[in-house]
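Student: Sharing a structure here in structure tokens format.
The values are calculated or read from the model by the stated rules, or taken from the named source; none is laboratory data. Please read all numbers here as calculations on a predicted model, not as lab measurements. A quick note on method: Cβ atoms are made from the backbone with ideal geometry, for glycine too, and the neighbour counts reach across all protein chains shown.
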Amino acid sequence: MKDYRRLIQNIQARTNPESIALEKAFSDELSSISYSDILKYVRYAMKGVEPEYTQKSKLAGERVQNHLKQNLSNVIYKYQGSVMTNTHIKGTSDIDLLVITDSFYAFDRKSINTVVTTESLKSQLSSYQLEKLQNELKGGGYSDALADLKKNRIDSENTLNPVYDICDISHPKAIKITNKSLNRDVDIVIANWYDNLTAVLKDKDSDFRGIQVYNKESNSKGDADYPFLSIKRINERSSETKGRLKRMIRFLKNIKADSDLEIKLSSFDINAICYDIETSKYSNKNFYELVPIIYLQLKSLSDNIQHSNNLKSVDGNESIFLNDNAKLDSLRNLMSEIDSILLDLKKAFVI
């Protein structure tokens, strides 16, 4: 059996390094299962960090914003990452601040053009929707796009360098600062909006818009990402399941953090694995009953090549395991850790 007391201490040190008093509801829940170390471990591994820590991470981001606002114009500030879904497992989690230019945007001209010129696809749209897409195609190119992004990067560097003792501008895609007083890191990422077919039809609602990250080394824009759609979907589904989705995501992250095995799965991957589980399988389960649900999901992905090949990211735009045997090996290592926990739960006559 694993040393669950030690593992609990690891989680406590990671998620609550300043030993902030636990919320009463969680404290009361722990007292009801104090007889079982394994139950306490599972519950701790599924718990979010205390709100005070998350507030500090956001405050560090807001302070960066306030500095940048003095010198940057025509930009929009947005956050991305696990802090925005409360699935981070470190009390001192860093936060990603996106500095998105508002002077231009890019869009998926090829896909939109295909829709408006293909009768079978056009017939699925209303006249209003078709007009939206046709109007999008009328827009001309913007020749200063890279120049604008480069300027935002340089201006951000010049603004933040004198303010922060730790300001690393060497990374091509991000400026990395440390706010010493708050003990938080902030990654500042320069980007522009990117609209696919869905974003245009959704009237460019920011939840559905993508971004392209600027790379100063190559002076180029990256492939489109859709962080806000992922945040929206995780938050909504977890709300529908009374927090159970986020509990499963945190559980896998904490297992990965304490494992001695090689588990090269990112938060992006773990989000997709858990989001893929049908909500009917877990929407009414107790926290410890989520463990076999997670195990069966990993087993299905491991054993069923069609399942793993078809698994998409939360935003639906990227394959997670397609043609990636090394990542599947990491999945199996994660599964073996859960298998061990599951056996210990059974020994304790919990499930």
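Student: Could you please give the count of residues in the stretch 86-96 that are surrounded by fewer than 20 Cβ atoms within 10 Å (Cβ to Cβ), at pLDDT 95 or above and β-branched (Val, Ile, Thr)?
Tutor: 0
Student: Does the stretch 307-342 hold any residues that are in contact with an Asp or Glu (Cβ under 8 Å, 6 or more places away or on another chain) and of a type in the set (Ser, Thr, Tyr), and which are they?
Tutor: Ser330, the sole residue that qualifies.
Student: Right, another one. Take the residues in the stretch 1-20 that are within 16 Å of Glu52 (Cα to Cα) and in contact (Cβ under 8 Å) with a residue 12 or more places away in the chain, then tell me which one is surrounded by the most Cβ atoms within 10 Å (Cβ to Cβ).
Tutor: Only one residue fits best here, namely Thr15.
Student: Take the residues of the stretch 41-85 that are charged (D, E, K, R) and over 19 Å from Ile231 (Cβ atoms): which is surrounded by the most Cβ atoms within 10 Å (Cβ to Cβ)? Spell out the reasoning first.
Tutor: Filtering the stretch 41-85 for residues charged (D, E, K, R) gives 43, 47, 50, 52, 56, 58, 62-63, 69, 78.
Filter once more, so that each one left must be over 19 Å from Ile231 (Cβ atoms): 43, 47, 50, 52, 56, 63, 69.
On the way: Arg43: 20, Lys47: 24, Glu50: 18, Glu52: 12, Lys56: 20, Arg63: 18, Lys69: 12.
Looking at the filtered set, the residue picked out is Lys47.
Student: Then there's this: Can you name the helices (runs of 4 or more DSSP H) wholly within the stretch 5-86 that have at least 3 residues being in contact with a Phe, Trp or Tyr (Cβ under 6 Å, 6 or more places away or on another chain)?
Tutor: Output list reads 37-46.
Student: Something else: State the number of residues belonging to the stretch 158-175 that are in a helix (DSSP H, G or I) and either touching a helix residue (DSSP H, G or I) at 6+ places or on another chain (Cβ under 7 Å) or crowded, with 16+ Cβ neighbours inside 10 Å (or both).
Tutor: Residues meeting the conditions: 2.
Student: Then there is this: Taking the condition among the small types (Gly, Ala, Ser) and either in contact with a strand residue (DSSP E or B) (Cβ under 9 Å, 6 or more places away or on another chain) or over 26 Å from Arg109 (Cβ atoms) (or both), does Ser239 pass?
Tutor: Criteria met by Ser239.
Student: In addition: Within the stretch 213-238, can you find the residues that are among the hydroxyl-bearing types (Ser, Thr, Tyr) and either surrounded by 15 or more Cβ atoms within 10 Å (Cβ to Cβ) or outside the structural domain of Ile100 (by TED's automatic domain parsing) (or both)? Let's see the steps before the verdict.
Tutor: We begin by selecting, within the stretch 213-238, every residue among the hydroxyl-bearing types (Ser, Thr, Tyr); these are 214, 218, 220, 226, 230, 238.
The answer is Tyr214, Tyr226, Ser230, Ser238.
Student: Which one of Thr159, Thr178 is in the same structural domain as Gly61 (by TED's automatic domain parsing), farther than 23 Å from Gln212 by Cα and hydroxyl-bearing (Ser, Thr, Tyr)?
Tutor: Thr178
Student: Counting just the residues of the stretch 93-126 that are assigned to a strand (DSSP E or B) and of a type in the set (A, V, I, L, M, F, W, C), which one comes out farthest from Asn196 (Cα to Cα)?
Tutor: The selected residue is Ile95.
Student: For Ser319, all conditions in the list (1) in contact (Cβ under 8 Å) with a residue 24 or more places away in the chain; (2) in contact with a strand residue (DSSP E or B) (Cβ under 7 Å, 6 or more places away or on another chain) hold save one; what is the number of the exception?
Tutor: So the condition that Ser319 fails would be (1).
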